[in-house]
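Novice: Once you've had a glance at the structure underneath, I'll fire off some questions.
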Amino acid sequence: MATAMNVTSACFYLESNRRSVHGVRVVASKNFSVSKTEEDKVKLGASDLKVSRLGLGAWSWGDTGYWNNSEWDDAKTKAAKSAFDVSIDGGITLFDTAEVYGSWLLNGAVNSETLLGSFIKERKQKDPEVEVAVATKFAALPWRLGRQSVVRALKDSLSRLGLSSVELYQLHWPGIWGNEGYIDGLGDAVEQGLVKAVGVSNYDERKLRNAYKKLKERGVPLAANQVNYSLIYRQPEENGVKAACDELGVTLIAYSPMAQGVLTGKYTPENPPSGPRGKIYTPEFLTKLQPLLKRIKEIGQSYSKTNTQVILNWLLAQENVLPIPGAKNAQQAEEFAGALGWRLTSEEINELRSLARDIIPLGFAQTIGK
């Protein structure tokens, strides 16, 4: 149990170094319109890989350590499968998982990669031409040393997924040591044809630049940095990560874009989240959040959009950002597609930013969220 707890802490390691706020460009228009083809795909960094403008996060699939009230059963598997199918039907074809999601390391019930692999297999049996892009992650565990550990772990992930390669492979968090070897391993994975693009996750600006430089020396672009980013958690704007991603041409993949469901309006001071999230998003915090949620709802009503669609659209408007909200069922997945094909105005974007400025989640929301 102690080992699992230590691994859990490591899994959600996130740099908390804060620096001066960098400018974030916002281009938006009430009358903004683009073709469906343009909205459907976005290039991931400087790689040749193109993926849907929204992805689906699969952290909760099979998990019993943080999500699902410590329970996982056949009904939850069927619900996750429905979320997978509805996402594809709605044009969201990028799925983000990790070797530790749902694993014994995090007190999980079923590995998320295993579930995703079974969903893909079943879908392809019905529709062999279906397009699915998979992103998964390497766990930088202290006992994993050298570049070969990355390739071995990737091959294990591919085995669970039932695939010969994946679209994106990421280092889940910076290791305590051995990071240069891990970066070398990413390059090796590309050269061996096991992955189309590589990225990192939870990397601060300095580590991001180092990874970018080391991969560039091998002619391999760093495609993405996946970090916690939402309307109420804008640390990537403050610590230089967002600006560095924009400068280097690295896509910022935003996990927990809905602040673990809190920005959807689902929770109130009288009805806070259950489990570990209830210790982060307390009734006191949710009370402070109400004016922002009220304004999000008002803006959404003017577009016939939900809170979820408004906050995802807010992130899309920041440029070079690819949100990956998590979905446990078909209803949630169907809602996400409604964030595409329209834009908030710059005035609305700035107003929401202003209202959210003094709202800071407490507890380990600062260091987890994937």
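Novice: Tell me yes or no: at least one residue of segment 209-229 is modelled with pLDDT of 95 or more, farther than 30 Å from LEU158 by Cβ and not acidic (Asp, Glu). Steps first, please.
Specialist: Pass one, segment 209-229, residues modelled with pLDDT of 95 or more: 209-229.
Next, from what is left, pick out any that are farther than 30 Å from LEU158 by Cβ: none.
No, segment 209-229 contains no residue that is modelled with pLDDT of 95 or more, farther than 30 Å from LEU158 by Cβ and not acidic (Asp, Glu).
Novice: Within segment 92-115, track down each residue that is more than 22 Å from LEU158 (Cβ to Cβ) and modelled with pLDDT of 95 or more.
Specialist: The one that is more than 22 Å from LEU158 (Cβ to Cβ) and modelled with pLDDT of 95 or more: ILE92.
Novice: Of the residues that sit in segment 73-98 and are part of a loop (DSSP other than H, G, I, E, B) and surrounded by fewer than 22 Cβ atoms within 10 Å (Cβ to Cβ), which one is nearest to the chain's Cα centre (by Cα)? Don't jump to the end; show me each part of the working.
Specialist: The initial filter retains those residues of segment 73-98 that are part of a loop (DSSP other than H, G, I, E, B), namely 73, 90-93, 97-98.
Then drop every residue that is not surrounded by fewer than 22 Cβ atoms within 10 Å (Cβ to Cβ), which leaves 73, 90-91, 93.
Values: ASP73: 24, GLY90: 18, GLY91: 17, THR93: 14 Å.
Result: THR93.
Novice: Continuing with this model, one more query. Scanning for something within 19 Å of the chain's Cα centre (by Cα), without any contact (Cβ under 8 Å) to a residue 12 or more places away in the chain and at negative phi, does segment 50-72 turn up at least one residue?
Specialist: yes
Novice: How many residues are surrounded by fewer than 17 Cβ atoms within 10 Å (Cβ to Cβ) and either of a type outside the set (Ser, Thr, Tyr) or modelled with pLDDT of 95 or more (or both) if we restrict to segment 260-269? Give the derivation first.
Specialist: Of the residues in segment 260-269, the ones surrounded by fewer than 17 Cβ atoms within 10 Å (Cβ to Cβ) are 266, 268-269.
So of that shortlist, the ones also either of a type outside the set (Ser, Thr, Tyr) or modelled with pLDDT of 95 or more (or both) come out as 266, 269.
Number of matching residues: 2.
Novice: Let me ask something additional. Restricting to segment 105-140, what's the tally of residues that are in a loop (DSSP other than H, G, I, E, B) and open to solvent by less than 10 Å² (accessible area, probe 1.4 Å)?
Specialist: 2
Novice: Please list, ordered by residue number, the helices (runs of 4 or more DSSP H) wholly in segment 197-259 having 2 or more residues that are in contact (Cβ under 8 Å) with a residue 60 or more places away in the chain and crowded, with 24+ Cβ neighbours inside 10 Å.
Specialist: 241-248
Novice: Only residues that are more than 18 Å from the chain's Cα centre (by Cα), over 26 Å from LYS50 (Cβ atoms) and of a type in the set (D, E, K, R): list them for segment 208-242, please.
Specialist: GLU238
Novice: So how many residues does segment 315-333 have that are more than 24 Å from LEU168 (Cβ to Cβ) and touching a residue at least 60 places away in the same chain (Cβ under 8 Å)?
Specialist: Total satisfying the criteria: 2.
Novice: From the list GLY219, GLY146, exactly one residue is in contact with a helix residue (DSSP H, G or I) (Cβ under 8 Å, 6 or more places away or on another chain) and of a type in the set (Gly, Ala, Ser). Which is it?
Specialist: From the options GLY219, GLY146, the qualifying one is GLY146.
Residues are listed down the side, and each one gets a yes or a no for (1) of a type in the set (D, E, K, R); (2) under 30 Å from ASP74 (Cβ atoms); (3) touching an Asp or Glu at 6+ places or on another chain (Cβ under 8 Å):
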{"site": "LYS279", "(1), (2), (3)": "yes, yes, no"}
{"site": "LEU286", "(1), (2), (3)": "no, no, no"}
{"site": "ILE296", "(1), (2), (3)": "no, no, no"}
{"site": "THR308", "(1), (2), (3)": "no, yes, yes"}
{"site": "GLU319", "(1), (2), (3)": "yes, no, yes"}
{"site": "LEU355", "(1), (2), (3)": "no, no, no"}
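Novice: Go through segment 159-191 and give me each residue that's open to solvent by less than 10 Å² (accessible area, probe 1.4 Å), under 23 Å from PRO128 (Cα atoms) and part of a helix (DSSP H, G or I).
Specialist: Result: LEU161, single match.
Novice: Given (1) crowded, with 24+ Cβ neighbours inside 10 Å; (2) at negative phi, where does GLY102 come up short, assuming only one miss?
Specialist: Condition not satisfied by GLY102: (2).
Novice: Would you check if VAL151 is at pLDDT 95 or above, closer than 25 Å to LYS43 by Cβ and either more than 18 Å from the chain's Cα centre (by Cα) or not hydroxyl-bearing (Ser, Thr, Tyr) (or both)?
Specialist: No; evaluated as a whole, the condition is false for this residue.
The values are calculated or read from the model by the stated rules, or taken from the named source; none is laboratory data. Model, not experiment: these values are computed from the prediction. Don't worry about glycine lacking a Cβ; one is built from the backbone with ideal geometry, like all the others, and counts go over all protein chains shown. We work out accessible area using only protein heavy atoms, side chains counted, and drop any ligands, DNA or RNA first. Shrake-Rupley method; radii C 1.70, N 1.55, O 1.52, S 1.80 Å.
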